[in-house]
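I have placed the structure first, in the form of structure tokens, so that the comments after it can refer back to it.
The values are calculated or read from the model by the stated rules, or taken from the named source; none is laboratory data. In this text, all values refer to a predicted model and were calculated from it rather than measured experimentally. Glycine also receives a Cβ, built like all others from the backbone with ideal geometry; neighbour counts cover every protein chain displayed. When the accessible area is computed, the model is the full protein with side chains, heavy atoms only, and any ligands, DNA or RNA have been set aside. Shrake-Rupley method; radii C 1.70, N 1.55, O 1.52, S 1.80 Å.
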Amino acid sequence: MGGSGQVDTSQANDGSPQPDGQQASALPTKLFVGYGAVAAPYEMLRAPALAILPGLYAKEFGFALASISIAMLFLRLTDGATDLAVGILSDKTRGTWGRRKPWLFASIFLAIPAAYGLYVPGNEPTIWSFTICYFFFYLAWTMFEIPYTAWSAELADKYEERSRLAVWRGLGQNTGLILLSLVPLLPFLPSTEMNFAALHAMFWLIAIAYPLGILYAIFWLPNGRAVPQAEQSSFRETIAAIRANRPFQLFLAVAFLSDFAVGCMTALFFLFFDTYLGVGASFTAIFLTAIVVSTLSLKIWQHLLKRTSKTRVLLVGLAGGAIAGAMIAVLEPGPNALTFFIGYMALFYTLGVARDVALYAIFGDIVDYDTWKSNGNRAGLYSSAWMVLRKIAYAAAPAFAFLVAGLFGFDPSADSQSDKAIFGLKAANGYLPALFLIAAALLAAMFPITKHRHHVVRRRLEQRSLRSSG
């Protein structure tokens with residue numbers, strides 16, 4: 001495997017026949033539905049903490065944008081080590097529930113208290129209480145996301161099945177977002193705006209749905225295929241494994257740049273539509289429309305994943321996202337602000353779905369490639385490495401976005417904003433993220449594991465399995 005990023009398949013005979021008896025039977029539809037369903041309550045927990053809470057704390061409690069930025073960066077100093085540890089330990093976990101499910105179950109006992117502290121903060125929260133609750137939220141996120149992502153590579157082998165799992169995961173996440181977007185319409189809430197009264201109601205929805213989703217996964221879904229664990233597990237050997245896997249290096253670069261861009265945009269969405277555009281009372285209309293449209297688009301992306309390739313779908317999501325970021329220039333307060341912003345959000349979410357389903361589908365192919373090269377299963381390790389960078393991106397991006405907006409004079413608690421402050425808000429929320437997405441698209445175009453090359457790798461793995469079992 002040279003510096004060009006080409007996948008080394010020289011050991012795999014392209015013309016080798018499929019081993020007798022090794023053609024995997026089609027996975028049952030209930031497995032895809034069940035795997036996706038587990039993602040719904042998880043997204044209900046995760047999305048508000050990433051896209052709403054920082055801006056809402058700044059608006060309602062006067063938290064300085066610089067203080068929130070520092071808190072987010074501080075969390076990164078502690079979270080990276082836990083990500084790698086969970087990945088390695090989940091690879092080593094053994095038991096009746098398999099490798100991944102025990103970690104999903106354990107996340108319940110951190111996720112619910114952390115969500116309560118963030119969503120129901122009381123009358124006078126401090127930056128310290130905010131930071132502590134976010135620390136345990138991130139730890140719960142780690143304990144769910146890393147094993148859950150690694151589990152997908154063990155539930156399905158085929159290129160097309162991995163794509164279907166990714167699509168159903170996206171469908172589950174969007175279902176969770178739809179439920180959340182409807183919460184402000186509950187009749188007992190004082191308004192239809194997104195505020196802490198709505199978040200309090202959201203907490204009780206999450207407190208019920210999140211444990212139920214995980215218990216469903218434990219008792220009704222399979223543990224996944226057993227794959228020998230790779231011997232490499234120390235930090236040094238982890239870095240060595242990543243350095244030896246050129247496709248994974250490229251994948252991490254694409255994922256980090258795109259996550260950083262999306263993190264900037266989502267962190268400022270609340271301040272943009274509520275404080276700048278003045279359409280906060282239409283929160284449900286905005287997000288429900290965007291989520292429904294993006295959910296309907298899943299069928300299109302699934303078709304394209306099957307008919308074209310995962311890389312091409314990823315490129316559409318990244319390049320389209322860059323165009324959407326630049327379009328923020330035309331969004332202004334006024335009688336048409338709500339209509340234009342609804343269309344903008346629908347486009348952003350639809351392209352985000354394309355990016356996410358492609359990345360999750362590509363990840364399983366990378367695990368296969370490493371399994372072929374190392375003769376062991378490092379799905380958890382690779383999942384943790386990805387989640388380390390993902391959470392660095394999602395924590396550093398809001399810090400960066402808040403810092404840029406603050407440097408230009410944007411103040412969420414002010415009654416009016418200067419032209420300079422508005423430019424800073426748009427730069428942090430659209431222009432700069434567009435540049436990051438363009439860079440990610442250029443790297444994604446070089447991704448080497450095509451559908452054909454993945455089929456070759458799978459044949460080699462099946463042949464090796466036959467030899468070891470015989």
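Observations on the model:
- Any hit, region 365-372, residues being open to solvent by 20 Å² or more (accessible area, probe 1.4 Å) and in a helix (DSSP H, G or I): no
- Residues being assigned to a loop (DSSP other than H, G, I, E, B) and crowded, with 16+ Cβ neighbours inside 10 Å - total across region 94-119: 4
- Filter result for Phe130 (open to solvent by less than 10 Å² (accessible area, probe 1.4 Å), farther than 28 Å from Val293 by Cβ and over 21 Å from the mean Cα position of the chain (by Cα)): yes
- Against the test of being buried (at least 20 other Cβ atoms within 10 Å of the Cβ) and farther than 24 Å from Leu351 by Cβ, the options Leu437, Leu381 yield a single qualifying residue, Leu381.
- Residue in region 161-176 that is hydroxyl-bearing (Ser, Thr, Tyr), out of contact with any Phe, Trp or Tyr (no Cβ under 7 Å at 6 or more places or on another chain) and open to solvent by less than 20 Å² (accessible area, probe 1.4 Å) present: yes
- Residue match in region 192-212 (condition: loosely packed, with under 15 Cβ neighbours inside 10 Å, more than 13 Å from Pro48 (Cβ to Cβ), in contact (Cβ under 8 Å) with a residue 24 or more places away in the chain and hydroxyl-bearing (Ser, Thr, Tyr)): no
- Residues within region 78-107 that are free of Cβ contacts under 8 Å to residues at least 60 places away in the same chain and in contact with a Lys or Arg (Cβ under 8 Å, 6 or more places away or on another chain), tallied: 1
- Which numbered condition Ile449 fails, given (1) touching a Pro at 6+ places or on another chain (Cβ under 8 Å); (2) at pLDDT 85 or above; (3) not in a helix (DSSP H, G or I): (2)
- Answer from Val33, Val38, Val86 - the residue that is touching a Ser or Thr at 6+ places or on another chain (Cβ under 6 Å) and either open to solvent by 10 Å² or more (accessible area, probe 1.4 Å) or in a helix (DSSP H, G or I) (or both): Val86
- Candidates Phe137, Phe105, Phe109 - the one that is at pLDDT 90 or above, within 18 Å of His200 (Cβ to Cβ) and among the aromatic types (Phe, Trp, Tyr): Phe137
- Residue match in region 426-434 (condition: part of a helix (DSSP H, G or I), modelled with pLDDT under 90 and out of contact with any His (no Cβ under 7 Å at 6 or more places or on another chain)): no
- Scanning region 340-355 for residues that are over 15 Å from Ala441 (Cβ atoms), of a type outside the set (A, V, I, L, M) and in contact (Cβ under 8 Å) with a residue 40 or more places away in the chain yields Phe341, Phe348, Tyr349, Thr350.
- Positions within region 298-356 being surrounded by fewer than 16 Cβ atoms within 10 Å (Cβ to Cβ), among the β-branched types (Val, Ile, Thr) and under 21 Å from Arg453 (Cα atoms), in sequence order: Thr308
- With respect to (1) closer than 23 Å to Ile68 by Cα; (2) of a type outside the set (Val, Ile, Thr); (3) open to solvent by less than 10 Å² (accessible area, probe 1.4 Å), the lone exception for Phe256 is condition (3).
- Of all positions in region 128-135, none carries a residue that is over 28 Å from Tyr57 (Cα atoms), of a type outside the set (Ser, Thr, Tyr) and either free of Cβ contacts under 8 Å to residues at least 24 places away in the same chain or not in a helix (DSSP H, G or I) (or both).
- Each residue in region 389-434 was checked for being more than 19 Å from Leu257 (Cα to Cα), surrounded by 21 or more Cβ atoms within 10 Å (Cβ to Cβ) and basic (Lys, Arg), and 0 pass.
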